Amino acid sequence: MRAMLLVNPKATTTNARTRDVLIRALGAAVRLAVEETRYRGHAAALAATARAKGYDVVAVLGGDGTINETVNGLLNPVNGDATPLRNEHADDPSAGRPALVVIPGGSANVFARALGLPNDPTESTGVVLEALREGRRRTVGLGQALWEDQSRYFTFCSGMGYDAEVVRAVEGLRGTGRKATPARYVNTALRHYLATDKRHPAMTVTGPGIPAARGVFMAIISNTSPWTYVGSKPVRPTPWASFETGLDLLGLRRMGPMTLAGVIRHILTESDILPSGRNLVQLHDEAEFTLTAERPVAFQLDGDYLGERESVTFRSTPNALQVLV
């Protein structure tokens, strides 16, 4: 079995010792090639190369951003191409692609933890090696976001509005050398709430068979649950979302402190119960829907800020990828 390991040396919790332990362990189990990512989009290019060269497995040591790039490289020849690579395995599209191995090396590691992997990279390596020995794989669906002439897959979530504004602010802090810790996200969200527009909702949700929902301030789109973690605490705004169903959405029509506090309290304490209230918009297990905005609004995908957009279509992509877990 041939495997390519992609290492993001700048990931939040990645260090030389973790990398060396992983290389030795994987190298003893498979024929291993190791590549370090050096710039934004590099993981996608390396993953596309691994697929083209017929590698059986692509492993990633990094955070959710590096994993997202890798997934897009496995599904598209060029990151951002709106047309996926053709796959002769019509019944199981994942069968024609290298399997993915995830070793958490970032701050939140949402995708890895949603798959049931330990948050510790050394412990996750042990789980992955066992999966390799036993041939244990899980086929997962992905989400796909399409805007203008671009497209990108996401593993766990996307968002438009306030949550994407927070992601943008944290990325700005990371650009000054600060780490993207859970505490930094929380503090940034609290500070940014005071500045965000809470009076003029911009977005409308539409889709096949979906009544139009207008006046939406922010929208969370989920491919699985949880949406994120605060330390060890899962945050579940869309608790019914899973890798085996379509996409879910939670939209807020009000951003007042009472509405927001009620939603936050619920998603932190009620793990399997949907939030409720007349100011919420909810979708579950949908194949496709579109968010349009009266003005450009912030847009994020798997915690990666992608600018301001006026229209984004979200699609579910079933059976997209095999993951060794």
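Just so it is clear, none of the values below were taken in a lab; they were calculated from the coordinates. Predicted, not measured: the structure shown is a model, and the values here were computed from it. A quick note on method: Cβ atoms are made from the backbone with ideal geometry, for glycine too, and the neighbour counts reach across all protein chains shown.
Here Ser158, Ser124 are placed in order of increasing Cβ neighbour count within 10 Å, fewest first, which gives Ser124, Ser158.
Here the label points at Arg184 and Arg17, each 7 Å from Cα along the C-beta direction, are separated by 2.2 nm in the simple model. For Lys233, the aspartates and glutamates whose Cα comes closer than 20 Å to its Cα, not counting residues fewer than 8 places off in the same chain, are Asp64, Asp120, Glu123, Asp163, Glu270, Asp272, Asp302. Site pair Lys198 and Val34 shows an inter-label distance of 5.0 nm when each label is modelled 7 Å from Cα along Cα→Cβ. Which is the longest part of the chain that has none of the GluC sites (Glu not before Pro) sitting in a DSSP loop with at most 14 other Cβ atoms within 10 Å? Segment 149-243 is the longest. The angle separating the long axis of helix 257-269 from the principal Cα axis of greatest extent in the chain is about 30 degrees. All other residues whose Cβ lies under 13 angstrom from that of Val170 are scored, Lys and Arg at +1 and Asp and Glu at -1, for a net of +1.
Extension gain, Ile264 to Arg278: 0.36 nm times the residue separation minus the Cα-Cα distance gives 3.5 nm.
Over the residues of the chain, the helix contribution to mean residue ellipticity at 222 nm works out to -9000 deg cm²/dmol, using -39500 (n - 2.57) for each DSSP H run of at least 4.
Among beta bridges identified by DSSP and lying wholly in the chain, the antiparallel ones come to about 75 percent.
Using Cβ contacts closer than 10 Å as the measure, can you line up Val58, Val230, Val323, Val281 from fewest to most?
Ordered by Cβ neighbours within 10 Å, fewest first: Val230, Val281, Val323, Val58.
Measuring against 30 Å, Cα to Cα, the residue pairs Lys10/Lys53; Lys53/Lys179; Lys10/Lys198 contain Lys53/Lys179; Lys10/Lys198 as the ones spanning a longer distance. For region 224-239, 3J(HN,Hα) computed residue by residue from phi via the Karplus equation (6.51, -1.76, 1.60; θ = phi - 60°) reads 7, 10, x, 7, 7, 10, 10, x, 8, 8, x, 10, 10, x, 10, x Hz, glycine and proline entered as x.
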